[in-house]
1. Test of understanding: among VAL193, VAL174, VAL240, VAL252, which residue is among the β-branched types (Val, Ile, Thr), within 23 Å of ASP324 (Cα to Cα) and in contact with a strand residue (DSSP E or B) (Cβ under 7 Å, 6 or more places away or on another chain)?
2. Would the stretch 46-63 turn up any residue that is surrounded by 14 or more Cβ atoms within 10 Å (Cβ to Cβ), over 17 Å from LEU27 (Cα atoms) and among the β-branched types (Val, Ile, Thr)?
3. Kindly indicate the residue of the stretch 371-406 that is at pLDDT 95 or above and not in a helix (DSSP H, G or I) and also farthest from ALA134 (Cα to Cα) among those meeting that condition.
4. In the stretch 254-286, which residues are of a type in the set (A, V, I, L, M, F, W, C) and surrounded by fewer than 17 Cβ atoms within 10 Å (Cβ to Cβ)?
5. Do you know which residues across the stretch 147-184 are crowded, with 16+ Cβ neighbours inside 10 Å, under 22 Å from GLY337 (Cα atoms) and among the basic types (Lys, Arg)?
6. Which residues, counting only those in the stretch 17-72, are out of contact with any helix residue (DSSP H, G or I) (no Cβ under 8 Å at 6 or more places or on another chain) and of a type in the set (A, V, I, L, M, F, W, C)?
7. Only residues in the stretch 387-403 that are closer than 11 Å to PHE366 by Cβ count as the first member; pair them with residues that are in a helix (DSSP H, G or I) and of a type in the set (A, V, I, L, M, F, W, C), Cβ under 8 angstrom, at least 6 apart or cross-chain, and list the lot.
8. Could you list, in sequence order, the residues of the stretch 195-215 that are surrounded by fewer than 19 Cβ atoms within 10 Å (Cβ to Cβ) and either in a strand (DSSP E or B) or of a type in the set (Ser, Thr, Tyr) (or both)?
Amino acid sequence: MTEVDVQKPVVYGEKWCSFCRALQELLDSLGVVYEYKDVGREDNKAEMLKRTGGHFLVPTFVIGETVIQNPSVEKVKELVDMPEAKEETTSDRETHDAVMIGAGPAALSAAIYTTREEIETVLYEKGVIGGLAAITDWVDNYPGFPKGLSGMDLSEGLRQQAERFGADIRLGEVTKIEDEGEYKKLTTTDGEVYAKAVLIATGSDYKRLGIPGEDTYYGRGVHFCATCDGAFYKDKRLVVVGGGNSAAQEAVFLTRFATKIDMLVRSDKLRASEILQQELEKNSDKITVHLNTTTDEIVGDGTSVNKLIGTDKESGKQVEFETDGVFVFIGLKPNTGFLQGSAIELDKIGMIKTNHELETSMPGVFCAGDVRSGATMQIASATGEGATAALMIRKYLEEHERKHTS
């Protein structure tokens, strides 16, 4: 096997991996020269596994002696030794008409509307452009696409449309919002940015089980994205945890690779839609659904997962499932950690409260999509809310302009 040049950063990924594409785009934007290796090729896959000690997770980023999997934007910038943002004076500080936090379907749709109205718009995305939609294998219920389309294609289409009208999409993270009257001050990984109006569309992330072994084997047999990591389990046995739409959809997707899938459902019935339950039935040769079964512990040999321990709630007895990997799909949690302690009001589960105009408790700051309290968690409704939020931002900016010119 050819040794990797330790002086040149290497990205290991696959063409279907949105996170891999996001890492490449970040490195390109930073002017970093790197080598990309597709782990669809067995020699590249073996090379990556050797470097990671057998950890199955893409993208894997290697720079010098450091090996890191699915790194954050902030971590990548740290590793490539990007200089700190310089201090800005009031006269030369960066200001915008609108800043959108997140670049999923809600924010991208909003940006299409604002930029067409010649509202100068910047979007900050800390993960994958397209959000969870981008890593969804197939979207079958988005209006106007009778045959369905991949989540990656939908996200890329929204992105291209927003950029065509002038949206500035940046890979970075907003860590704080403060109200300074005429402008909102946003603290970002690139420094401070000021905006007349802000849209929060940070969406949601995957919930975790919180059981022994989950963190230990994350990336080494425990996963939260079938589209990202399913291909590593060709001809293997898997466990899928969850009984909702995501769990059912991803279990069906994983049949492309795995020979056997045990689907563990805590309740006495599936919560997935009827059509997805029918898909599970069609794949019953590979998928076995276990109702009333808890997930208690993920067990491995120190390197990889080999067993999941649960409880049969009806008998009260412990049950074990031999497996090479565990995929967890038990719901979502809102990405609002950066708002803790801010003036923006959250509901009891951490989602953002808004009025009928999608404005938050901080004037000039709006919210749309899965992170909004009362959201329906559907891509179609997220894009609709994004459009509505854009119109509300336009209205706010018009009033803002009149107020500060009168």
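The values are calculated or read from the model by the stated rules, or taken from the named source; none is laboratory data. What you are looking at is a predicted structure, and each value in this text was computed from that prediction instead of being measured. Every residue, glycine as well, gets a Cβ built from its backbone with ideal geometry; the counts of neighbours run over all protein chains shown.
1. Among VAL193, VAL174, VAL240, VAL252, only VAL240 is among the β-branched types (Val, Ile, Thr), within 23 Å of ASP324 (Cα to Cα) and in contact with a strand residue (DSSP E or B) (Cβ under 7 Å, 6 or more places away or on another chain).
2. Yes, that holds for at least one residue.
3. SER373
4. ILE275
5. Across the stretch 147-184, the qualifying residues are ARG170, LYS184.
6. CYS20, ALA22, VAL32, VAL33, ALA46, MET48, LEU49
7. Note: pairs meeting the criteria are ALA389/ALA106; ALA389/ALA110; ALA390/ALA110; ALA390/ALA111; ALA390/ILE112; ILE393/ALA110.
8. Within the stretch 195-215, ASP205, TYR206 qualify.
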